[in-house]
1. List the residues whose amide H sits under 5 Å from the amide H of residue 241, counting only those 5 or more places along or on another chain, with H placed 1.01 Å from N in the peptide plane.
2. How would you classify region 233-282 from its alpha-carbon gyration tensor, with a ≥ b ≥ c the square roots of the eigenvalues: rounded for a/c under 1.5, else prolate if a/b is greater than b/c, otherwise oblate?
3. By how many nm would the segment from residue 145 to residue 104 grow when fully extended, if each residue of separation counts as 0.36 nm and the alpha-carbon distance is taken off?
4. Can you list residues whose amide H is under 5 Å from residue 52's amide H, if they're 5+ apart or on another chain and H is modeled 1.01 Å from N?
5. Which of rounded, prolate, oblate describes region 1-145, given a ≥ b ≥ c as roots of the alpha-carbon gyration tensor eigenvalues and a/c under 1.5 marking rounded, otherwise prolate only if a/b is larger than b/c?
6. Cα-based Rg of the chain per 2.2 N^0.38 Å, rounded to two decimals?
7. Compute the separation of the alpha-carbon centres of region 178-233 and region 253-270 and state it in Å as a whole number.
8. Output ³J(HN,Hα) for region 170-175: one whole-Hz value per residue in order, computed from phi by the Karplus curve 6.51 cos²θ - 1.76 cosθ + 1.60 with θ = phi - 60°, and x for Gly and Pro.
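What follows draws every value from the coordinates through simple rules; no lab data is involved. Since the structure is predicted, the reported quantities are computational estimates derived from the model, not experimental observations. So basically every Cβ, Gly included, is an ideal-geometry build from the backbone, and we count neighbours across all protein chains shown.
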Amino acid sequence: MADRRTRFTRGWWFILPGLILMTLIVGVPLVMGLNYSLRQVFLYDFANQPFVGLDNYARALQDPLYINSLRVTAIFTAGCLAICLTFGILIAFLLSAKQVKFRATWLALFLVPFVMTPVVGGIAWRLFIWQQEFGVINHIAGLLNLPQPYWLLDRETALIAAIISNSWQLTPLAILVFYAALTTIPEELFEAGRVDGAGPMQALWHIVLPMLKPHILFVTIIVVTSAFREFDMVWALTGGGPGRATTVLSIFAYNRGISAQDMGMANTVAFTMFIIMATFAWIYITLYRRTEVRE
């Protein structure tokens, strides 16, 4: 009996340092943030922190600026997810073809955006891609006699530009995951598809996508959690403007906490982001387990 208990507890001693470190790094700030979200906390009077309960949450839900930021964040996250999944699967599918030469070089080039700092990437896109006078996009549009809008200064186009820029940095992760998954698909399935007259698009739709379902769920949770809390890229591109067209929740929390010095509301916004992401993660785990059971 003692030997069995020792075998059971032995593994816990190995993971105990990691659990303690995770508790200190994640758990303590989380509890502090929850505590501040239930209090009235201002930086200019930090010592005075009266308890207000859920009043901050009620104020946030009644604040049209918070609702707008929630809407912008939802659109931003959905746009990034759609682009990352679409181009991630297509590019990985093309790279996995036998006819592709210099595959390792192409993969290395596609991974460059992923290793770049978001702030550097945002500044590069702002100065060289979206700039109205000499940016790449408007230069090409000028050659084709197309309109040349002020991409980052127009409320109608700023969010689109931010979505494309952030997707550029997240898509390489999707490419890497999907490419690795495609290498595990038996070649016999593609050969059987070709015998039945299936072209590349039919093979992608009827063979690749069903086999990639677990990996699509994995990439979805990574992209959604990354895009939902994105700050650096959007801040470097637009600073949340023009107006509040690109004010995602992370920028809204920053503005409330630093500019308005209302740390109680800033932590409330941050904790609502945590609740939303925790709910999404729970849904993801449920769907992933159901997928594993069916397989």
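1. For residue 241, the qualifying residues are 246.
2. It is oblate, given that a/c is not under 1.5 and a/b is not larger than b/c.
3. Value of the extension gain: 11.0 nm.
4. Those qualifying (amide H under 5 Å, at least 5 residues apart or on another chain) are 39, 40.
5. Oblate.
6. The value comes to 1.23.
7. 40
8. Taking θ as phi minus 60°, the curve returns 8, 4, x, 4, 4, 4 Hz for region 170-175.
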